Amino acid sequence: MAGRPRNYEPNDVLSAAIRTFRRYGYAAASVDVLSKATGLRRGSLYAAFADKRGLFLAALADYTRATVGHVERTLATAADPVAGIETVLRRVARVAAEGEGRHGCFLTNTAAEMAGRDPEVREVVAAAFRRLEAAYETAVERARGAGRLGDDVDSSVLARMLVGVMQGIRVVGTTGAPEPALQQIVDGALRALGPAKEGVPA
């Protein structure tokens, strides 16, 4: 496309856009700020993504693919589903306490800023959260089937709670809370899973 620099790498541009939108939000991330962050001149940015909203939606889709996909894979491949849930939550707490994690979750930030007034964005975020809930629900069902959880566990309710805990940890992380405090939230969530059935090793 005309005006595009020779070293243009879509993945690099999207990564830079994710960092920028994550830090500033949609409204405060001006085209000039995005141009500087991505290395694309204004004309090149428009040629590649049509406008700021196009870049934003592409960045949100890429972030969702990477982050939600990672959670889905971790939960689906864990030999012990309860251990898989713990692995996901512990990692969220660790990431939320350092570096880019201090800027929060791009999905959660977007929900807070835009979902209430932008139906398209609301559906993108809601779809991502539905995927997370489905992944957690499958893990809880596996755990119950393996005797790791009691038969009275409501897998759909527990899955929604785990999504809420995960996103809440990310929000609390933006306040500068230290990792041990965030890991305590994980401890509480894991206790809410309930004890394994009697006679079944934890």
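Number of residues in region 13-54 that are touching a Lys or Arg at 6+ places or on another chain (Cβ under 9 Å) and of a type in the set (Asp, Glu) equals 1.
Would region 80-87 turn up any residue that is under 18 Å from Thr20 (Cα atoms) and modelled with pLDDT of 95 or more? No; the residues of region 80-87 include none that is under 18 Å from Thr20 (Cα atoms) and modelled with pLDDT of 95 or more. Here Thr64 meets the list (1) within 20 Å of Thr138 (Cβ to Cβ); (2) exposed (fewer than 13 other Cβ atoms within 10 Å of the Cβ); (3) among the hydroxyl-bearing types (Ser, Thr, Tyr) almost entirely, failing just condition (2).
Assess whether Val92 counts as being closer than 15 Å to Ala134 by Cβ and either touching a residue at least 24 places away in the same chain (Cβ under 8 Å) or small (Gly, Ala, Ser) (or both). Considered against the rule, which asks whether it is closer than 15 Å to Ala134 by Cβ and either touching a residue at least 24 places away in the same chain (Cβ under 8 Å) or small (Gly, Ala, Ser) (or both), Val92 comes out as no. Taken across region 85-97, residues that are touching a helix residue (DSSP H, G or I) at 6+ places or on another chain (Cβ under 9 Å) and either in a loop (DSSP other than H, G, I, E, B) or more than 26 Å from Met161 (Cα to Cα) (or both) do occur, with at least one present.
Taking the criterion of being at pLDDT below 95 and in contact with an Asp or Glu (Cβ under 6 Å, 6 or more places away or on another chain), would at least one residue in region 161-183 satisfy it? The answer is no, given that none of the residues of region 161-183 is at pLDDT below 95 and in contact with an Asp or Glu (Cβ under 6 Å, 6 or more places away or on another chain). Suppose the filter is among the acidic types (Asp, Glu) and at pLDDT below 95; does Glu98 pass it? Judged against the criteria, Glu98 is a match.
The values are calculated or read from the model by the stated rules, or taken from the named source; none is laboratory data. What you see is a predicted model, and the numbers here were worked out from it, not measured in a lab. So basically every Cβ, Gly included, is an ideal-geometry build from the backbone, and we count neighbours across all protein chains shown.
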